1. Using a 10 Å cut-off on Cβ atoms, rank the peptides 76-89, 169-182 from the highest mean neighbour count down.
2. Starting from the Cα gyration tensor of the chain, take the square roots of the eigenvalues, sort them a ≥ b ≥ c, and report rounded, prolate or oblate (rounded when a/c is under 1.5, otherwise prolate if a/b is larger than b/c, else oblate).
3. Using 0.36 nm times the number of residues separating LEU31 and ASP128, minus their current alpha carbon distance, what extension gain do you get?
4. Label segment 104-167 by shape, choosing from rounded, prolate and oblate, from the square roots a ≥ b ≥ c of the eigenvalues of the Cα gyration tensor; if a/c is under 1.5 it is rounded, and otherwise prolate applies when a/b is larger than b/c, oblate when it is not.
5. Show me the ranking of peptides 49-57, 131-139 by mean Cβ neighbours inside 10 Å, starting with the highest.
6. Please report, ordered by residue number, every helix of the chain (full DSSP H runs) that is 24 Å or longer along its axis going by C-alpha atoms and whose mean Kyte-Doolittle hydropathy reaches 0.5.
7. Run the helix sum for the chain: -39,500 (n - 2.57) per DSSP H stretch of 4+ residues, divided by residue count, reported at 222 nm to the nearest 500 deg cm²/dmol.
8. For the chain, what is the percent of antiparallel DSSP beta bridges, rounded to the nearest 5?
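Just so it is clear, none of the values below were taken in a lab; they were calculated from the coordinates. If you're wondering where the values come from, they're calculated on a predicted model, not measured in any experiment. Positions of Cβ are generated from backbone atoms using ideal geometry, with glycine treated the same way; all protein chains shown enter the neighbour counts.
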Amino acid sequence: MTATTESAAANRRMWPYLLPVLVFVVIGAFLAYGLTRDPTVLPSALLDRPAPEFELPPIPGRDDHGFSRADLGGEPMLVNVWASWCVPCRAEHPLIMRLAREEGITVNGLNYKDRAEDALAWLAELGDPFTYVGWDFKGRVGIEWGVYGVPETFVVDGDGRIVYKQVGQMTPRVVNEVILPLIEKLKKQ
């Protein structure tokens, strides 16, 4: 056997040992890349587009007309997607109350896949900051808005266009550094 033949045979014997290492390195590279991504930044096909057409009834027992596309526009506002069974919704609710009561921002609600009696009890316990609330019991309108889960909050401009989407619970930092400056900018336009 020549040196070249021996070298080729040795290389063939090493592949079964090198292949798992190579697969591990490739998977590790994909995982490392995934760790650099912000999980709260999810793509939305609706950004910078008009909000979808929709019409939701009020939560049964809440005395208003519900919430529809016709209620958007005229001024910048928030649309908060929430549910009584959502723990992060409960945690962010004081911020929603602050935005509506202290900052004077119009906040409309989309009650997502919730039982009416639970939603009403939640609003009675925590306060009702919403100008209008639509009851999306089956989640159909949430799908049209591109909702991944609750809570989600949308900033809608005076023309009814979605200009920002907060996925997950709002924090004081997000409110102070993103939401409030964006609302102020939209008011000046």
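1. For the peptides 76-89, 169-182, the packing ranking is 76-89, 169-182.
2. Values: a/c = 3.19, a/b = 2.64, b/c = 1.21.
Prolate, because a/c is 1.5 or more and a/b exceeds b/c.
3. Value of the extension gain: 30.7 nm.
4. Values: a/c = 2.12, a/b = 1.28, b/c = 1.65.
The shape class here is oblate.
5. Answer by packing, highest mean first, reads 131-139, 49-57.
6. 3-35
7. On the way: 5 runs with 73 residues, N = 189.
It lands at -12500 deg cm²/dmol.
8. Counting DSSP beta bridges with both partners in the chain, the antiparallel share is about 60 percent.
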